[in-house]
Structure formats: structure tokens, C-alpha cells
Amino acid sequence: MMPMTELASPLADAHSALHVLEHVFGYTAFRGEQQAIVEHVASGGDALVLMPTGGGKSLCYQIPALLREGTAIVVSPLIALMHDQVSALIEAGVSAAFLNSSLDLNAAREVERRLFDGELDLLYVAPERLTTPRFLDQLDHLRDTRRLALFAIDEAHCVSQWGHDFRPEYLQLSILPERYPSIPRIALTATADRQTREEIAQRLNLAMARRFVSSFDRPNIRYTIVEKNDPRRQLLGFIREECLGEAGIVYCLSRRKVEETAHWLQEQGIPALPYHAGLPTEQRAEHQMRFLREDGIVMVATIAFGMGIDKPDVRFVAHLDLPRSIEGYYQETGRAGRDGLPAQAWMTWGAQDVVQQRRMVDESDANENFKRLARNRLEVLVGLVEATDCRRQHLLAYFGEEARPCGNCDNCLSPPKTWDATEAARKALSCVFRTGQRYGAGHLIDVLRGEATEKVIERGHEGISTFGIGAELDEKRWRTVFRQLIAREMLAVDHERYNALTLTDQARPLLRGEVSFMLRVELERSRSRQRKRTTTLDIPGGIPTTLFDRLRVWRTEQAKERNVPAYVIFHDATLREIAIARPTSIAELAGVSGIGDRKLEAYGEAIIRVVAETS
């Protein structure tokens, strides 16, 4: 048990929270709403926290766990995530453990003994274990002896039945407020649109919880989307030009494509490994371990890989196939640059991707309502890839957040060629109005093109003023117009009326002729650019690369000795700051962000020696 008893209290004040932040975790100031969340939960309040990956979600429950009496129970869906977070906490001097299927019977009983005896500050458990009668009895004991600090539900979007990370066992967590009504709960996720947020609040009985919604912007990530033109070669060119020698993830839609791409990258000299649910369990575990513990590994994977991966120095995430939704795209690309340093989100796509995704939706066993929402989410994503203006603005708008052009996406850095679709867009809006705002894009396109289909005739739409006024455009181009009208929020989708399109107030300026409406001529094809690569040499501050490299070598040795991932010892960002500051004493080293008291004591002298030897 760490010597924190003088800080433990049912109520937290700003001073004690800051004290823990600095002396345990090595940071001198909270970011964003971290402090408000910490103080609210430590004081006994429930919270629903939406914070981007890399925003510091873990501290939002780890610090309250140290400020409150007893043990905090952290619900986590993945064994790898539990192991790494517990390792990092132990390195920081915190008494933490996990209970999952990776432990043998004796090891599990020892953890249960420590829990019963009150020796743990945090215990990580899988949701299916938490709701077993045996474990609930243990929680009852903690409650009855006033040693149950709080419940933290990580990756809370797993409760949403609309997402691909849905875990049925998360639904059982609604038992917590019923059985332990006085124990505060905090649910956390890095990605959730409005619908998913409401589902989390409803299914976890957190409707009355205070909500903390941070900005979804990840300004350190550069978004680039290119049209498919020999995608493997495009991917290889991107890696070699932008991220050579760096850790990254490449997402593919099928298992076969994962294995073929990984093998091909290996032949090109890139250290790539495949990962998908069809591989043997031992092989998946080995590949994940190598990705986490070795530098520069590229993981080629299906979406089975990623959630709970706590590796901060992933420098790029690439997609060789279109994701299923903007939410999925945001979640997957958010695994890059968790350390706040420059990172890349790169994707190649083609029209066939859209066809394939639609077919997967249509052929699924889901009900029609689910299929309709899935199709709409796909259309919104296509609106993003077809966009001619700032990618980040479109991405953030999906989560209800306004933003200015970022200057750090492909459209901002290299604006695409466009055509003036103002008149076509006005025709589309007029057609929506003339047909009563009751129909989807397919029917509207038939009317605009003058297609006298059975449905058009049945509705009497062959006689309205917009019938046939758009015959000059083919169906593909009209669908692009409608997608962009939706993406730019001039049209809204009414899910209650089978994806009927309705006009919004944002459409008025376009209808009045006050603004123009430009569309991409064609998606940018990949081409070689003499753009700066994100390497250690490019980081501001003039880092002496040899010192930084030496620190990384030293960190790798320490990690191997302790059998933990390198970033559990120190993040790259901390090593970079050391390399810039070049501290010559323990007192100077103590001022570096990310070095708490325990790590200063354990590693301080060794780091000072490395700096001295490399000067």
C-alpha cells in the first residue's frame, strides 16, 4: 500500500488533488476538465466523461481512487489494457492489481486476499467477473467496512448496441447503483456521438450523472485521405516518406487482406505483423506483445485490434479500406499520437469500398432500423472523404463541435480541384421542398433526373416543377451532391421516416443565392511530396538526437528487466523533455513532466548518468 494515507479523504480539495497529480504522476497541472472531474468524483459524485484518446481519462478516476478511502474497482474490457495500466501504476508507486483469466488460481486468490485486507488502491476487473456472486460478496464486504472507494467503467461505449465494440456483459453493470447506491461511479469513453452518449447514460443508470464533454479535437493528428490507385504502393510510399521506423497500425476490412498486406510489407523491409480474430490466440498475444514492447512495429489488423491499446507513441494509423462510420474512423485514428506529439491519420478509399460496406449492411442479420442507421452513418462518412474543405471541421461537426479550418489536413494543406455545384445543390433543395420533405435521396434523384418510376408516378411527382430539372447529372454525381448537403448540415435525415431528407436553416443562404456550393472534381491521388517527416529531428526545441536515442535504449533495457512495455517506464514525450533540458541533478530532473516521486527515486540517478555520458 503506498504511503498516501494522509491524503485519503471522502472529500477532495484542489490542493490534495494537485499534490497527488504532481508527486505520484509527475505532472504540475491538470488539463482541460480533469481537475473538475477529479474533484467531483472524489467528493462522491457520479460522472459521464467523454474525452479524446490521449486526453488523460485514466487520471480522472485514478486520482479520486487515491483521494478516497478504500479500493477503487475499475471495469476494463481487455486483459492487455489491465496489465499495462496496473504495471504503470505500480511503477508510479500505487498499490494496484487486476483479476482476469490470465491469472492462475493461486495468483487470483492472492489478489482477492489483498482486496479483502484493504491493501489495494485500485483493482481492475473484467465486467463478467464483477457481476459474479463470489465477487459481489467481496464488494459487499468492502461496502460494509467502508472500504469501497468508487467504480470506474472504462471504455463505456461497450454498452452501446450500435457500436462494433458492444459487450453484452456491460449491460449487467446497471446492478451497481442498485446494490451500491452510495458509491460514486464514473463512466469514461473516448468516442460517442449524441445517440451513444444517451445510450450509455440510460443503460448504466447515469442519467442524473454530471456530464463532462471535452473537445474531440486532436490537433496533433494530420488527416489525409487519397483515392485508391495501387493502394499497397500508396501505403508503402506514405510509410517511407512520412513515418519510416515508427510504430503504426494499418486497418484492413478482411482477414485475408490483413495477412497479405502484412506479408507484402515485410517483403518491402517494413517490420509488419498481422492481427485478426482468426489467428490462433497464442499468435495474437505474441504479436500484440511485440507491438507494445518493441519500437517501430507496424500492426496490420482488422478492427479486432485496437481498443484498450495504451501505446502512446503510435505515430500513424492507416486505413486501406473505408471504415464503417465516422465514429469508427475517429476511434481508430485516435490510437495515433496519444502522447500529444505529431501523428498521421492516412486513408485510401474508392467507390468500391462504399459498395462493399453497403452490401455488408444489407446482408447482415440486423433489423431494418439498425440497417437504416448504419447506411446513414456510412453516407456521413462518405461525405467526409468527398469533402473539399477542412476534414477536421467535418469530423468535429459530427460530434456537435464547431471548429475553424485546421491547417493540418490534406484539404487545408493542398486544396483539391473543385467544380461549382451551386445550381445543382439548389435544385436538390428545391426538390426536397416540392416533394414535401418526406423522401430519401434515391426517390429525389429519380425526380430530378426525370425518371418516371412506379413510385414517382404513384406519388404524382412526375408533374411537379422539379421533375427532370437535373437530367444533366448522372445518379453518382447526384448522390455526391446529396451527401455533401447532409455533411454540411443543409439537409437533415429523419430516421423516424425511413431516412427522409428535410431542409435545415443552414440551407436558406444557399437557396437565396448568398453562398456557393463547391464539390471535389476527383479525390486527390497519392503523389510523392517533399513533406517533412515526423521524426525525432523535427520536434521543436532542437533535441540532441543522440541523447534521445540513448535514453530510449536505456528505457528499453529497463522495460525488459521489469517485463513491461517501454512506455510504462517513461513516455517518449518525457524522454524528449529530458533530452532538451539535459538535467545535471535530481532537483533539475524533478521538474520534467511525467516524473513522479517514485520514478524519480527509482530512475533519477541512472538518467543523470545517461545525460552526463552523452554530453
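The values are calculated or read from the model by the stated rules, or taken from the named source; none is laboratory data. Everything quoted here is computed from the prediction, not taken from an experiment. With ideal geometry, Cβ positions are generated from the backbone for all residues, glycine too; neighbour counts draw on all protein chains shown.
With a cut-off of at least 3 residues that are free of Cβ contacts under 8 Å to residues at least 60 places away in the same chain, more than 35 Å from the chain's Cα centre (by Cα) and closer than 20 Å to F517 by Cα, name the helices (runs of 4 or more DSSP H) lying wholly within the range 404-491.
Here the list reads 422-434, 441-449.
Taking into account only those residues within the range 165-183 that are of a type in the set (A, V, I, L, M) and free of Cβ contacts under 8 Å to residues at least 40 places away in the same chain, which is surrounded by the most Cβ atoms within 10 Å (Cβ to Cβ)? Don't jump to the end; show me each part of the working.
Applying the first criterion (of a type in the set (A, V, I, L, M)) to the range 165-183 yields 171, 173, 175-176, 183.
From the residues that got through so far, the ones that are free of Cβ contacts under 8 Å to residues at least 40 places away in the same chain too are 171, 176.
Details: L171: 16, L176: 21.
Among those that are of a type in the set (A, V, I, L, M) and free of Cβ contacts under 8 Å to residues at least 40 places away in the same chain, it is L176.
Provide a single number: the residues in the range 243-260 that are in a helix (DSSP H, G or I) and either basic (K, R) or surrounded by 22 or more Cβ atoms within 10 Å (Cβ to Cβ) (or both).
Narrowing the range 243-260 to residues in a helix (DSSP H, G or I): 255-260.
In the following step, the residues that additionally are either basic (K, R) or surrounded by 22 or more Cβ atoms within 10 Å (Cβ to Cβ) (or both) were identified as 255-258.
Qualifying residue count for the region: 4.
Would you pick out the residues in the range 464-474 that are surrounded by fewer than 14 Cβ atoms within 10 Å (Cβ to Cβ) and within 23 Å of L378 (Cα to Cα)?
Once the filter is applied, which keeps residues that are surrounded by fewer than 14 Cβ atoms within 10 Å (Cβ to Cβ) and within 23 Å of L378 (Cα to Cα), the range 464-474 yields only D474.
For residues in the range 423-463 being hydrophobic (A, V, I, L, M, F, W, C) and surrounded by fewer than 18 Cβ atoms within 10 Å (Cβ to Cβ), which is nearest to T388 (Cα to Cα)?
Result: F433.
Right, G278: modelled with pLDDT of 90 or more, surrounded by fewer than 22 Cβ atoms within 10 Å (Cβ to Cβ) and at positive phi or not? Walk me through how you get there before you give the answer.
Values: modelled with pLDDT of 90 or more: yes; surrounded by fewer than 22 Cβ atoms within 10 Å (Cβ to Cβ): yes; at positive phi: no.
Considered against the rule, which asks whether it is modelled with pLDDT of 90 or more, surrounded by fewer than 22 Cβ atoms within 10 Å (Cβ to Cβ) and at positive phi, G278 comes out as no.
Just to be sure before I move on: is L150 buried (at least 19 other Cβ atoms within 10 Å of the Cβ), in a helix (DSSP H, G or I) and at pLDDT 90 or above in the structure I sent?
Spelling it out, it is not the case that L150 is buried (at least 19 other Cβ atoms within 10 Å of the Cβ), in a helix (DSSP H, G or I) and at pLDDT 90 or above.
So which residues in the range 592-615 are at pLDDT 90 or above and within 16 Å of R550 (Cα to Cα)?
Passing the criteria: Y603, G604, E605, A606, I607, I608, R609, V610, V611, A612.
For every residue, the table says whether it meets (1) assigned by TED's automatic domain parsing to the domain that holds I309; (2) out of contact with any Leu (no Cβ under 9 Å at 6 or more places or on another chain); (3) within 26 Å of I79 (Cβ to Cβ).
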residue: E241; (1), (2), (3): yes, yes, no
residue: A262; (1), (2), (3): yes, no, yes
residue: P280; (1), (2), (3): yes, yes, yes
residue: R284; (1), (2), (3): yes, yes, yes
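So L123 ticks every box in (1) farther than 30 Å from F370 by Cβ; (2) under 21 Å from the mean Cα position of the chain (by Cα); (3) modelled with pLDDT of 95 or more; (4) not aromatic (F, W, Y) but one. Which box is left unticked?
Answer for L123: the failing condition is (2).
Considering only the range 190-215, state which residues are hydrophobic (A, V, I, L, M, F, W, C), in a loop (DSSP other than H, G, I, E, B) and either surrounded by fewer than 17 Cβ atoms within 10 Å (Cβ to Cβ) or in the same structural domain as V380 (by TED's automatic domain parsing) (or both).
Result: A207, M208.
Restricting to the range 261-285, and then to whatever is part of a loop (DSSP other than H, G, I, E, B) and over 17 Å from G296 (Cα atoms), can you tell me which residue is farthest from the chain's Cα centre (by Cα)?
P280
If a residue has to be in a helix (DSSP H, G or I), more than 36 Å from the chain's Cα centre (by Cα) and within 18 Å of T556 (Cβ to Cβ) to count, how many in the range 592-615 make the cut?
2
Can you name the residue in the range 402-422 that is touching a strand residue (DSSP E or B) at 6+ places or on another chain (Cβ under 9 Å) and acidic (D, E) and, of all such residues, is surrounded by the most Cβ atoms within 10 Å (Cβ to Cβ)?
Out of the qualifying residues, it is D410.
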